[in-house]
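Undergrad: Sharing a structure with you now.
The values are calculated or read from the model by the stated rules, or taken from the named source; none is laboratory data. Treat the numbers as computed from the prediction; the structure is a model and nothing was measured. Neighbour counts are summed over all protein chains in view; Cβ atoms, including those assigned to glycine, are modelled from backbone coordinates with ideal geometry. What goes into the accessible areas is simple: the full protein's heavy atoms, side chains included, and nothing from ligands, DNA or RNA. Shrake-Rupley method; radii C 1.70, N 1.55, O 1.52, S 1.80 Å.
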Amino acid sequence: MNVLRRDFVVREPLLVVILVLIAVVFSTVTHAYSRAYDRRRNQLGQQWYADGVAELQKDRPDTAVERFRTALLYDPRNWTYRLSLAEALTQAGRTKQAMNYYESLWQVNPKSGIVNLNLARLAARSGEFSETERYYNGAIFGDWAENASDHRREALFELIHFYLQRKDTSNAESQLIILSGNLPEDPALHTRVADLFSQVGDYPRALEQYRRAIQLDPKYFPALFGFGKASFRAGDYRSAEAYLSRAAREDSAGPEVRYLLDVTQAAAALNPFDRSLREADKIQRTLHAFRIASARLEACTKASGNPATLPAALASLQEPWKRWKIDANPSYLSRQPDRIESLFDFSAAVEKHSQSLCGPPTPEDTALLVLANARPSDEK
Amino acid sequence: MSATNKTLPLPSPDPIASAATSLRRRITAQLSFDEDRFFLILAVFIGIFAGLAVVCFRITMEWARLYLLGSSLTPSPLRAFLAPCLTGLFISILIFTLFSGAAGSGLNQTKAALYISDGYIPLRTVIGKFITASLAIGSGHSLGPEDPSLQIGAGLASAVGARLKLSRKKMRLLAPVGAAAGLAAAFNAPISAVLFVIEEVIRHWSAGIFGAIVLSAVSGVVTMRLFLGAEPLFRIPSVGVIRWQELVAYSVLGILGGIASVVFSKAIGWLRPKLKATPQTLQFLYPGFAGLLIGLIAFAGFPQVMGAGYDFMDQAMHDQYTWEVLGMLAGLKILATTLSLCSGTPGGMFAPTLFIGAMLGGAVGSVERLFFPHLTGSVGTYALVGMGVLFAGFLRAPITSIFMALEVSGDYSIILPVLVANTFSYLIARRLQAVPILELITRHDGLSLPAMEEKREAETLNVEDSMRPRPSIILDGAKSAAEAWPFVSHTAEPCFLVAIPNQPPAQISFGELRHLVEAGDARLLRDTQAITAVPYLHPDEDLEDALPLVTRYPLIPVVNRADLSQVLGVLDLADVMEAYRKSRSEFPAPY
């Protein structure tokens, strides 16, 4: 044993040096070997990935899934390959698998905007409300490789649409308020936000956003049309008429704009509830509304041929109509001003019941219906 | 003790020579180590070598797969059908002509080398294992790279030890050190590798050996990660919260895993000896034949059973299969691995075991989700627990199986399901398959290696298991010999204990007592020279520790730890031998 130990004293430093040298040589050989294999792996990975992309473009997502899986065999950590596989799974309709795959990507990078966005879409498709909300928020506050603010904004738009689909207007509105505070000077974006405000019924904010869009581009048709529509829905027929007229002058204006303009003009001319009107004007407008409704009812009755075959709703209006035909005159209404609103309500009821039974309404019919619907309930 | 102290040269009268000598002595003292410290340094180098070898092995395996099965994840039917069969035949030629020691998984061969040839593994075997196992796994045989890596590591360690002419004792220790490094590098899990080697390979271990094994395993893993990256072989899903109700499902997984382990073991236990009993010419054909059958399975639409299957385990963990497919894959993998293993094709059992477990776990998780969608966590967690379950049931390494799941997942919340499922699996496998698979293969090979499971579970005998009750006669040290004599004169005992207050009892022989009486010595017993101090034992001490004492003293008192004067019992050689005899008859040898 002593001999052995003495041997160690003499030879140990030398042995360590030899072992280090062997390790260096062995490492060098291994390094060269692994580099050669890595090159081949990368090459194969790229090749299979390109095949997968091509398959996806040919709308063959199932084949693309296999191609991307093979690409990942050679480069398991490649984020692009993994993302593409998840996308291919989604396109192949393998929602559960795609969800699982995206979740595994989320575990690797929970701040990834694209992963959060796709998870949110899949969760929304599965009807998982809280997960959808969580992932959309992840996408809104997550990391994006490029154009981060645009992607975040788009994710926020999607979240708002998700809320609107669920008829959750309060959450949609609160997100819209956040979104409207951070918009760049782009009329299209202001108009999109304004449209959504309009959809949730927040007309003042919608008009504010349309106004900004029009300030940025005074001839921007969607904003002019949107402003007109929002004003119309808000009951401001004068503004609606003004902006719809501007919109109608634009090249891109279609029949829809012109029809709405006609309706708006009719509504402006028919509205008996304008507080600035004198009593006589109010009566005139109400009588005009009655004439429109009467024409509609007569047309309906004629169209049906036999009064006995009229639908019950319209048939029930025949008797009151006959009475109103006698009473609907300026002198009667001047004597009985409380009957003005009753007459208008009758005219509105005729329009309401006839809208689905008697063919397409004229702009004046529509305006009458709109006025009836826009009338505050306490006034009714 | 430092070796430098023993080789001091004589002082030289020349001052320059003297200074040079002093300098050399100091440098030598700084650079030299004793054999134990050198052994630890050697362990690090062995870890590095094993890590590098495993990197080369894995790359070679991948190259083989590329050339033999093509670059696609699922090979073409023609390749799937032909590659394992033809490669199997080629491997047979290599084994029968050049590398006769390369057959099998490598685990039992390493144990055999350790216990039969003092840890020596020929370098030819290592080279043979490297080539044949990479070809076998690369061609799609249902085997894994871990056990061969273990043998390659042990073989490299053995080669280094032989070149350094280490002592036989150190050589025997070096093989497990290399084995741990090889396994750790192959599995990218140093803790599991260390535990497995301790649990399954080495019989006795000390703190020094443990340190060397840990060092080599860590350096092996670090080396491997330098080249292949730190990513695990499969991506581990997040475990998440495990509800208590889910433990029922995990128990079912444990039971199914135990049954699957038994089926797997029984299949190997039935087929392997039958194939080994056939003529050599037939045995030559078996790897090719096994390859043909595996090719058929792949051809039938289940190429996932080919090779180690880590990529498919990854897919199972991420819920990419239905429960029917998962169950089918578990069954087919048992079949394919049984064929590959029994045919003698080189390759390991680790990866297939994990594959079967992952598929089984995934299937149980998926089925539970069908019936209790609100309860089930991630299917990946079930797959992960399933791996541990098969490891516990089939390889019978319960401690490693628990730590493996923890190490691989890196999440301690998985501990409860792992414990529950592994316990069920282990107990069922033990109950239905008395002999563990590694022991079974050892027996098939006609070897007698230490049975680690028995050793782990061998009952330790304590002093209390063999001591007799407190003797009726204990002499009072505060009395004279004449006063004590009437109590002992009629007995046949050769010696008696003498109680002394607040002290352990002493002893006096019958002859000495009679001599005192005859001499009329009126002194108290405790004051006489006739009593002798005797060593004492406590009831909880190992019986092994008592053995040297009972051979030197006729009677050893067993005393209370809190009051040394309180005698609880006595022990002599006959009692000890009787206890050992009884314990042997209660636990008969398995052979």
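Undergrad: If amide H atoms are built 1.01 Å from N in the plane of the peptide, which residues on other chains or at least 5 residues away come under 5 Å of the amide H of residue B:480?
TA: B:525
Undergrad: Over 21 Å between Cα atoms, which of A:302/A:325; B:129/B:165; A:322/A:352; A:229/A:282; B:266/B:333; A:282/A:302 qualify?
TA: On the way: A:302/A:325 18 Å; B:129/B:165 24 Å; A:322/A:352 18 Å; A:229/A:282 25 Å; B:266/B:333 15 Å; A:282/A:302 30 Å.
In this structure, B:129/B:165; A:229/A:282; A:282/A:302 lie more than 21 Å apart at Cα.
Undergrad: Still on this structure, I have one more. Once a ≥ b ≥ c are taken as the square roots of the eigenvalues of the Cα gyration tensor of the protein assembly as shown, is the result rounded (a/c under 1.5), prolate (a/b larger than b/c) or oblate (a/b not larger than b/c)?
TA: It is prolate, given that a/c is not under 1.5 and a/b is the larger ratio.
Undergrad: So how do B:208-218, A:155-165 stack up, highest first, on mean other-Cβ count within 10 Å? Provide the component values of the computation, followed by the final result.
TA: Details: B:208-218: 22.5, A:155-165: 19.5.
Sorting B:208-218, A:155-165 by mean packing, highest first, produces B:208-218, A:155-165.
Undergrad: Further, regarding this structure: Report for region B:463-585 the percent antiparallel among DSSP-assigned beta bridges with both residues inside it, nearest 5. Numbers along the way, then the final one.
TA: On the way: 13 of 17 bridges.
Taking every DSSP beta bridge within region B:463-585, about 75 percent pair in antiparallel fashion.
Undergrad: If you take each beta carbon of peptide A:102-115 and count the beta carbons of other chains within 10 angstrom, what is the mean? Display every interim value, and only then the final one.
TA: Details: counts 0, 6, 10, 2, 1, 5, 1, 0, 0, 0, 0, 0, 0, 0.
Going residue by residue through A:102-115 and averaging, the value is 2.
Undergrad: So which trypsin sites (Lys or Arg not before Pro) in region A:158-228 are both in a DSSP loop and have at most 10 other Cβ atoms within 10 Å of their Cβ? Show your work: numbers first, answer last.
TA: Working: sites: A:166, A:167, A:192, A:205, A:211, A:212, A:219; in loops: A:166, A:167, A:219.
Here the trypsin sites (Lys or Arg not before Pro) that fit, given the DSSP loop and packing criteria, are A:167.
Undergrad: Also: If packing is taken as the average number of other Cβ atoms within 10 Å across a peptide's residues, how do A:108-116, B:194-202 rank, most packed first? Show your work: numbers first, answer last.
TA: Details: A:108-116: 18.8, B:194-202: 24.0.
Descending packing order for the listed peptides: B:194-202, A:108-116.
Undergrad: Let me ask something else about it. Among DSSP bridges having both ends in the protein assembly as shown, what percentage is antiparallel? Round to the nearest 5. Let's see the in-between values first.
TA: Working: 15 of 20 bridges.
Percent antiparallel among DSSP bridges in the protein assembly as shown is about 75.
Undergrad: Okay, next question. Any chance you could look up the accessible area of residue A:62 with a 1.4 Å probe, heavy atoms only, rounded to 10 Å²?
TA: Using a 1.4 Å probe on the heavy atoms, I get roughly 80 Å².
Undergrad: If you roll a 1.4 angstrom probe over the protein chains with everything in place, what fraction of the accessible area of chain A belongs to carbon and sulfur, to the nearest %?
TA: Values: 9950 of 19180 Å².
The C+S portion of the solvent-accessible surface of chain A is 52 percent.
Undergrad: Which whole number gives the average count of other chain Cβ atoms within 10 Å of the Cβ atoms across peptide A:26-38? Write down the numbers at each step before the final one.
TA: Numbers: counts 9, 8, 0, 2, 11, 4, 0, 7, 8, 1, 2, 10, 3.
Other-chain Cβ atoms within 10 Å of each residue's Cβ, averaged: 5.
Undergrad: Shifting gears a bit: Take B:91, A:326 and sort them by solvent-accessible surface of the protein heavy atoms, 1.4 Å probe, largest at the top.
TA: Sorted by accessible area, descending: A:326, B:91.
Undergrad: Accessible area per residue for region B:246-448 in Å², computed with a 1.4 Å probe and the full protein assembly in place, what is it? List each step's numbers first, then the result.
TA: Details: 6870 Å² over 203 residues.
Accessible area per residue: 34 Å².
Undergrad: Per residue of region A:262-275, what does 6.51 cos²θ - 1.76 cosθ + 1.60 with θ = phi - 60° give for ³J(HN,Hα)? Whole Hz please, x for Gly and Pro, Karplus curve as stated.
TA: Residue by residue, region A:262-275 yields 4, 4, 5, 4, 5, 5, 5, 6, 8, 4, x, 9, 5, 5 Hz.
Undergrad: What number, in percent, do you get for the relative contact order of chain B if the mean sequence gap of Cα pairs under 8 Å and at least 6 apart is divided by its residue count? Please list the in-between numbers first.
TA: Working: 1119 pairs, mean separation 84.2, N = 591.
So the answer I get is 14 percent.
Undergrad: On a straight-distance basis, which lysines could pair with residue B:479 in a cross-link, Cα separation under 16 angstrom, same-chain partners fewer than 8 positions away excluded?
TA: none
Undergrad: Taking both sides together, what accessible area is buried at the A/B interface, probe 1.4 Å, expressed in Å² and rounded to the nearest 100? Can you show the working numbers first?
TA: On the way: alone 21240 and 27090 Å², together 44270 Å².
So the total buried area for this chain pair works out to about 4100 Å².
Undergrad: To continue, here is another question. First check a/c for region B:194-342, with a ≥ b ≥ c the square roots of the eigenvalues of its C-alpha gyration tensor; if it is under 1.5, answer rounded, and if not, answer prolate when a/b is larger than b/c or oblate otherwise.
TA: Details: a/c = 1.58, a/b = 1.14, b/c = 1.38.
Verdict is oblate for region B:194-342.
Undergrad: Rounded to the nearest whole Å², what accessible area per residue is found for region B:35-228 with the 1.4 Å probe?
TA: Accessible area per residue: 33 Å².
Undergrad: For peptide B:225-233, compute the average count of partner chain beta-carbon atoms within 10 Å of each residue's beta-carbon.
TA: Numbers: counts 0, 4, 8, 3, 2, 0, 2, 1, 1.
Neighbouring Cβ atoms belonging to other protein chains average 2 per residue here.
Undergrad: Can you compute 3J(HN,Hα) from phi for each residue in region A:53-62, using the Karplus curve 6.51 cos²θ - 1.76 cosθ + 1.60 with θ = phi - 60°, rounded to whole Hz and x for Gly and Pro?
TA: With coefficients 6.51, -1.76 and 1.60, one gets 4, 4, 5, 5, 5, 7, 6, 10, x, 5 Hz.
Undergrad: Taking 0.36 nm per residue of sequence separation and subtracting the Cα-Cα distance, how much length would be gained by fully extending the chain between residue B:563 and residue B:124, in nm to one decimal? It would help to have the intermediate numbers written out before the result.
TA: Numbers: separation 439, 0.36 × 439 = 158.04 nm, distance 6.33 nm.
Extra length available between residue B:563 and residue B:124 comes to 151.7 nm.
Undergrad: Keeping every protein chain in place, order A:81, B:120 by accessible area at 1.4 Å, biggest value first, i.e. largest first.
TA: Details: A:81 15, B:120 110 Å².
Descending accessible area places them as B:120, A:81.
Undergrad: Apply the Karplus parameterisation 6.51 cos²θ - 1.76 cosθ + 1.60, with θ equal to phi minus 60°, to every residue of region B:296-304 and state each ³J(HN,Hα) to the nearest whole Hz, in sequence, with x for glycine and proline.
TA: Per residue, the Karplus-derived 3J(HN,Hα) values read 5, 4, 5, 4, 6, x, 10, x, 4 Hz.
Undergrad: Here's another thing I want to ask about it. Using a 10 Å cut-off on Cβ atoms, rank the peptides B:543-555, B:473-485, B:395-407, B:314-326 from the highest mean neighbour count down.
TA: On the way: B:543-555: 15.7, B:473-485: 17.5, B:395-407: 23.4, B:314-326: 21.8.
Per-residue Cβ counts within 10 Å, averaged per peptide and sorted highest first, yield B:395-407, B:314-326, B:473-485, B:543-555.
Undergrad: Non-local amide H neighbours of residue B:144 (under 5 Å, H modeled in plane, Pro and chain starts lacking H): which ones?
TA: B:348, B:349, B:350, B:351
Undergrad: In addition: Taking a probe of 1.4 angstrom, what is the accessible area of residue B:538 in Å², to the nearest 10?
TA: 20
Undergrad: At 222 nm, what value in deg cm²/dmol follows for the protein assembly as shown if DSSP H runs of at least 4 each add -39500 (n - 2.57) and the sum is divided by all its residues, to the nearest 500? Please list the in-between numbers first.
TA: Numbers: 41 runs with 669 residues, N = 971.
That comes out to -23000 deg cm²/dmol.
Undergrad: Quick one: check the C-alpha center-to-center distance for region A:157-200 versus region B:79-125, whole angstrom.
TA: When both Cα centres are located, 69 Å separates them.
Undergrad: Sequence gap at least 6, Cα distance under 8 Å: using those rules, report the relative contact order of region B:80-155 to the nearest whole percent. Mind dumping the intermediate values first?
TA: Numbers: 77 pairs, mean separation 30.6, N = 76.
This gives 40 percent for region B:80-155.
Undergrad: Could you put A:302, A:322, B:129, B:165 in order of accessible surface area, largest first, with the 1.4 Å probe and the full protein assembly present?
TA: On the way: A:302 170, A:322 105, B:129 0, B:165 150 Å².
My answer, sorted largest first, is A:302, B:165, A:322, B:129.
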